[in-house]
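Worksheet for the structure shown next.
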Amino acid sequence: MIFCAVVVCAASHAAEKRPPEGGRYERRARAENWPSEGDVGLQQAAEYKRAIRYVTDETGRRVAIPLRIRNIVTLAPNLTETVYALGLGERLAGDTTFCDSPPAAKEKPHVGAPQNPSLEAIVALHPDLVLATTSINSPQTVEALAAVGIAVYTSDPHTVRGMLESIAHMADLMGASEQGAALAAQLQARLDVLQARLAELPLAHVLFVVWEDPLITIGPGTFIADALRWAGAESVIVSKQNWPQVSIEEIVRLQPEYIVLTSNHEESSAALQIADLRARPAWKGLRAVELGHVAVVGEEVTRPSPGLIDAIEQLAHQLHPEAFTENMEQHEQRRARGARFVASSAVGKDCAACAR
Amino acid sequence: MRPLTPKRILWICSGLGAVLFVAVVVSLRMGAYPIGVRDIVMTLFNGAMGRRDDIPSEFWLVVFGLRLPRIALGILVGASLSTAGAGFQALLRNPLADPYVLGVSSGAALGAIVSLIVAPHVVGAIQIAAFVGAAATIAAVYFLGRRGGHLDSPTLLLAGIVAASFLSAIIMFLLTMVTGSELRSIAFWLMGDLTAPPPTTNVIGWFGFLFFIFIVAAGAIYTTSSDLNLILTGEQEARHLGVNVNRVKLVVYVAASVLTGLAVSVSGAIGYVGLLVPHVMRMLFGTDYRLLIPTSAIGGAIAIVVADTLARTIVAPTQLPVGAMTALAGAPVFIYLMRRRIR
């Protein structure tokens, strides 16, 4: 369990104290001692303000986090999306220059790029909680923030399921456990619908292109590999590395059924991408390119955020169009036939590929 | 040229010290957190008097938690690298020598990478592993670079360059093996950055320890400065004048390597400072090592503090690695001084 202990104590927490805006030195200094003696109600309020709990984050660090989170700073686009998806956009005090989704995130104060944000810019936003992720932030940033007493929770999801759990945990930290549980349940329900539709179809063997030149693809340890399994697909590359660089020769040998590309441009359609690939000598020999089996998904697939489920659905529609064309009656019939699997999937949904 | 008297050394060093002080003050003032000069002075004053309770906690955080440690680290690293660079340039009798030419930084980076792979979350492991890697490289290059039982400059240079290439190759190999967060930590080591916090909560003790090592090693190089002047005119001539060349070389080699290992362990491989600053100081104040060693130390500190201030503010709020800034700002300054001298 993530929450080892919930300890309430009156710790003097740097980020907790918020002097009045624009105050000069003396006024700020006085504001530090604001619960005057004898004023019990005020003292209780101050104690509540400083109440913290200890949690272990997803990298195994022990973090003291205030119970009441008013100002949140996110250090990665997927975390920004998660905060907005939880309906906590108002409490987001700052994000990174990379955070472009939803559009409102662009208007928030930025603390720099995720790899090397300005620690001072973060401090200046008085955050009660900073959300970081292992997939783009550097450990030095997290350590440096922790060293000056700022609560940093680092998420580290490796699967789609792990991402849903991570969302629920972060929601709980931000005092929005109900929204978190609801969001996770809603996303899980969409995954279940997909799984029911794709249950009896064979897995599509795909090449997921992270980078074209040099050709970099995904290893089985990444959450993208897990997202592919939810979309009824499997990478043709088996590697111990997370982001293996492979030769085009190897791809010609393996002949994937589909090439999966990511795109942040909505107008860049699959047809354009196919034409582009056919113009390349090394790629045009691939059967998938000849047949036009190129799937294009949004960049959300590379971000462990609620948008990932959209990308999984997009991909499933492109790879298995037959699963979505049948009418509901046929679907129900097929569902009934597949009832045994559907029932068992409620227990072990972690790997759609294995269940089949 | 005027004769070099202790008084002149003192005057020049005080002048440079004043420049460093200005650089530190400007650096303290600049940053993403809005804090006025008056508030900084009050915070520093109260902090120096030990009255921490009188300081608003965010001011304490920004001044004593973020800016001062960064400046102190910059001074230490800049002074160490420049002193080491000046030492290596004399030892190898090669104007292209810098602190990394003998592979010390590659050894330190390799140590850091191994520790990141083996024990990623152990506090302080990176610094220790980097220093162990640097020390192992120093020892290996020392034994490879001897000829007839003594350090021979050309042999030492070749041994160091081969060791550096070999270690870099191992680093490249390891880079293909690691993924995700380790990769970002390693990029930090290879580029050089001052963000990493001290590995202990006793920040003053930590910096005291680092500066103690610096004083000992830089002091050791300084004691050889008269002899280095003679060696630079020719080893044979220096021997005839009674200089124990082998001892001087050994002292400079060990001390300069320790300084490099120290700097790389805490900040990664910050480039160009160790190469450029000694040359700039030669252009400004002449080639006498009695003056060159202390001016290089202060000049290196100024260079890193200024470069880091620019790195923090030029594309704010994003921070650049200070290593990128030293090259970007250092090369034009160097070329300007060089052309002006030739004219």
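For region A:202-327, the residue among A:Leu254, A:Ile224, A:Thr302 whose Cα projects farthest onto the positive side of the dipole built from Cβ charges is A:Leu254.
What percentage of all Cα-Cα pairs in region A:122-183 are separated by more than 14 Å? Considering region A:122-183, 60 percent of its Cα-Cα pairs are separated by more than 14 Å. The charge dipole of chain B, taken about the Cα centre with unit charges on the Cβ atoms of Lys, Arg (+1) and Asp, Glu (-1), comes to about 920 debye, rounded to the nearest 20. Taking 7 Å steps out from each Cα toward its Cβ at B:Thr176 and B:Arg93 produces label points 4.1 nm apart. The mean number of Cβ atoms from other chains found within 10 Å of a Cβ in peptide B:60-68 is 4, as a whole number.
When a/c is below 1.5 the answer is rounded, else prolate if a/b is larger than b/c, else oblate, so apply that to region A:157-268 with a ≥ b ≥ c taken from the square roots of the Cα gyration tensor eigenvalues. Verdict is prolate for region A:157-268. Going toward the positive end of the dipole of the protein assembly as shown, with +1 on Lys and Arg Cβ and -1 on Asp and Glu Cβ, which of A:Ala64, B:Ile161, A:Gln314 do you reach last? The listed residue farthest towards the positive side: B:Ile161. For region B:236-297, rounded, prolate or oblate, judged on the Cα gyration tensor with a ≥ b ≥ c (square roots of eigenvalues), a/c < 1.5 rounded, else prolate if a/b > b/c? Judged from the Cα gyration tensor, region B:236-297 comes out oblate (a/c at least 1.5, b/c at or above a/b). The calculated Kirkwood hydrodynamic radius for region B:1-151 is 19.4 Å, given to one decimal from all distinct C-alpha pairs. The shape of the protein assembly as shown can be summarised by an equivalent ellipsoid whose semi-axes, obtained from the alpha carbon gyration tensor, come to 53, 35, 20 Å from longest to shortest. When each of the peptides B:253-262, A:247-256, B:24-33 is scored by the mean number of other C-beta atoms lying within 10 Å of its residues, the order from highest to lowest reads B:253-262, B:24-33, A:247-256. The mean number of partner chain beta-carbon atoms within 10 angstrom of a residue's beta-carbon across peptide B:22-32 is 2.
Distance between the pseudo-spin-label points of B:Ile161 and B:Ala327 (7 Å out from Cα toward the beta carbon): 1.9 nm.
Taking other residues whose beta carbon is less than 10 angstrom from the beta carbon of B:Val62, and scoring Lys, Arg as +1 and Asp, Glu as -1, yields -2.
In terms of packing, defined here as the mean over residues of other Cβ atoms within 10 angstrom, the peptides B:161-167, B:267-273, A:125-131 line up highest first as B:267-273, A:125-131, B:161-167. Charging the Cβ of each Asp and Glu at -1 and of each Lys and Arg at +1, and nothing else, the dipole of region B:90-219 about its Cα centre rounds to 220 debye. What shape does region A:202-327 have by the C-alpha gyration tensor, where a ≥ b ≥ c are the square roots of the eigenvalues, rounded means a/c under 1.5, and otherwise prolate means a/b greater than b/c and oblate the rest? Rounded shape, in that the Cα axes give a/c under 1.5. Each peptide among B:241-250, B:142-151, A:233-242 gets the average number of other Cβ atoms lying within 10 Å of its residues, and from highest to lowest they stand as A:233-242, B:241-250, B:142-151. Take each residue of peptide B:315-323, count the partner chain Cβ atoms within 10 Å of its Cβ, and average: the result is 6. For A:Val294, nonlocal amide neighbours, meaning residues 5 or more places apart or on other chains whose placed amide H falls under 5 Å from its own, are A:Ile259. If you look at the Cα atoms of region B:78-270, you get an Rg and a Dmax of 17.3, 58 Å. Rounded to the nearest 500, the 222 nm mean residue ellipticity of chain B from helices alone is -25000 deg cm²/dmol, with -39,500 (n - 2.57) taken per DSSP H run of at least 4 residues. Its Kirkwood hydrodynamic radius, worked out from the mean inverse distance over all distinct Cα pairs, puts chain B at 20.8 Å.
Applying 1/(1 + (r/R0)^6) with R0 = 22 Å to the Cβ-Cβ distance of B:Cys13 and B:Ala48 gives a FRET efficiency near 0.35.
Sorted from greatest to least, the principal axis extents spanned by the alpha carbons of region A:279-328 come out as 38, 32, 11 Å. The Cα center of region A:173-222 and the Cα center of region B:289-304 differ in position by 57 Å. Amide H to amide H distances under 5 Å link A:Ala233 with A:Ala204, where only residues 5 or more positions off or on other chains count and H is placed in the peptide plane. From the residues A:Val73, B:Pro6, A:Val193, which one has its Cα farthest along the dipole of the protein assembly as shown in the positive direction, the dipole being from +1 and -1 charges on Cβ of Lys/Arg and Asp/Glu about the Cα centre? The listed residue farthest towards the positive side: B:Pro6.
Taken together, the values in this text are just the output of simple stated rules run on the coordinates, not laboratory data. As the structure is a prediction and not an experimental result, all values here were calculated from the model. Cβ sites come from the backbone with ideal geometry, for glycine too, and all protein chains shown count toward neighbours.
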